[in-house]
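The values are calculated or read from the model by the stated rules, or taken from the named source; none is laboratory data. Please read these numbers as outputs of a predicted model, since none were measured by experiment. Cβ placement follows ideal geometry from the backbone for every residue including glycine, while neighbour counts extend to all protein chains displayed. All accessible areas refer to the heavy atoms of the entire protein, side chains included, with ligands and DNA or RNA removed. Shrake-Rupley method; radii C 1.70, N 1.55, O 1.52, S 1.80 Å.
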Amino acid sequence: MLIFNTISEIQEYLKSQQKTGKTIGFVPTMGALHAGHISLIERSKTENDLTVCSIFVNPTQFNNPEDLKKYPRTLDNDSELLQAAACDVVFAPSAEEMYPSLPQLRMDFGTLETVMEGKFRPGHFNGVGIVVSKLFNIIKSDKAYFGLKDLQQVAVIRQMVKDLSFDLEIIPCPTLREIDGLAMSSRNTRLSVEARALAPQIYKVLNLAQEKLQAGFSTKEIQEVVNQYFSQYPEFEVEYFEVADFDTLEPIEAKNETGKTALCIAAFLGGVRLIDNMVF
Ligand code: PAF
């Protein structure tokens, strides 16, 4: 496995590989890798000649400086996991390498970012859009793999790829869960033992909400069910629970009869912000 820290070195290497006709699959990450990330690497390996994983904790997408400071950084362990998964190339640049000066560009994703994560994390998708564009321009892969746990991120990136005619295919991949249903996330390692034991309630409430929606409950009724459910667990501070159209992410009043419905939730638990969703 080759590890590059500079843009010029990885570009030189990847260009030489592309000249020989090799296809490239790309998995962008912020490190603190878990089985969910590795499933993206594995998928890329089955669909491309070369798989590149980037590890970069992107400061511009954190609207909360404390969250950036506490974001787990586990480069040695990440390298071991990637090596074991037979990842071909790792790109781990420094912040100075990625941002010799702060970008002046501002990305606005319209209604896609006025809801949920965009509403509660102002500037987050601008930071994601800029770093992902830079990475796409550096790696120039044929495909890029993203986990659907970050449903809104996938929607924003798809929009960006369409609007800016990036020449690559976005491959959304299913969320991986722990045995008790908790969605895998780098932030899970920050949960205390007590909080970790409670965290699967998020998945349970999503299942309950899905059941009720299928039974014909309205969004308003479901929101009451969810509030009631969490009243048993005061440890959770729910930031939002939304019933949304899967494509537009706009809130809807009841189950979508013509397309897919997304249930999306964000909640703080013991100071750690967790998100999850269910699509049906
Ligand atoms: O999903 C993530 O880990 C990050 O948002 C991404 C796509 C790597 C951009 O920093």
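So the values come out like this:
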{"quantity": "Using alpha-carbon coordinates, inclination of helix 124-139 to the longest axis of the chain, degrees", "calculated": "30 degrees"}
{"quantity": "Solution diffusion estimate, µm²/s, Stokes-Einstein, segment 176-280, Kirkwood Rh from C-alpha pairs, 10 °C, viscosity 1.306 mPa s", "calculated": "113 µm²/s"}
{"quantity": "Column: log10 I(q)/I(0), Debye, Cα scatterers of segment 93-140, q = 0.14, 0.15, 0.26 Å⁻¹", "calculated": "-0.40, -0.45, -0.99"}
{"quantity": "With DNA, RNA and ligands ignored, accessible area of residue 170 (1.4 Å probe; Å², nearest 10)", "calculated": "20 Å²"}
{"quantity": "Segment 40-194, relative contact order in percent, only Cα pairs under 8 angstrom and at least six apart counted", "calculated": "24 percent"}
{"quantity": "Rel. contact order, % - alpha carbon contacts under 8 angstrom, at least six apart, the chain", "calculated": "17 percent"}
{"quantity": "Among 181-192, 92-103, 48-59, the order from most to least packed when residues are scored by Cβ within 10 Å on average", "calculated": "48-59, 181-192, 92-103"}
{"quantity": "Most to least packed among 205-211, 69-75 [average Cβ atoms within 10 Å]", "calculated": "205-211, 69-75"}
{"quantity": "Listed pairs 220/260; 15/149; 15/143; 19/162 exceeding 22 Å between Cα atoms", "calculated": "15/149; 19/162"}
{"quantity": "The chain - Rg over Rh from alpha carbon coordinates, Kirkwood radius", "calculated": "0.97"}
{"quantity": "The chain, helix-only ellipticity at 222 nm - DSSP H runs n ≥ 4, -39,500 (n - 2.57), divided by all residues, nearest 500", "calculated": "-12000 deg cm²/dmol"}
